Amino acid sequence: MKIESKFTTGIVSKIAESAVRKKLGYDVEIKLNGLRTTVLDGEMHVHLDVDLKLSKEELSNLLKSIGI
């Protein structure tokens with residue numbers, strides 16, 4: 001499956017922004033450039049091309065919350 005059209009990636013980007021805001025409380029601007037998935041020998045492989053825009057403080061808090 002490929003998602004690479006500007007219209008579809010724009011919709012998916014807005015859904016992802018909303019989900020991050022609701023679940024984690026971070027105000028992140030997400031731009032999905034492309035998504036490709038393939039299934040080989042029963043394993044799913046996913047390739048994401050994503051740009052994120054967030055403040056330095058939000059990045060620091062996000063990294064702390066995942067233990068980095």
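The values are calculated or read from the model by the stated rules, or taken from the named source; none is laboratory data. These figures come from a predicted structure and were not determined experimentally. Neighbour counts run over all protein chains shown; Cβ positions are idealised from the backbone, glycine included. For accessibility, only protein heavy atoms count, side chains too; no ligands or nucleic acids. Shrake-Rupley method; radii C 1.70, N 1.55, O 1.52, S 1.80 Å.
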Of the listed residues (15, 11, 30, 68), the one being open to solvent by 100 Å² or more (accessible area, probe 1.4 Å), among the β-branched types (Val, Ile, Thr) and under 14 Å from the mean Cα position of the chain (by Cα) is 15
With the first residue restricted to the stretch 55-67 and required to be closer than 12 Å to residue 25 by Cα, and the second required to be open to solvent by less than 100 Å² (accessible area, probe 1.4 Å) and in a loop (DSSP other than H, G, I, E, B), Cβ contacts under 8 Å at 6 or more apart or on different chains are 58/26; 58/27; 58/28; 61/26; 62/26; 62/54
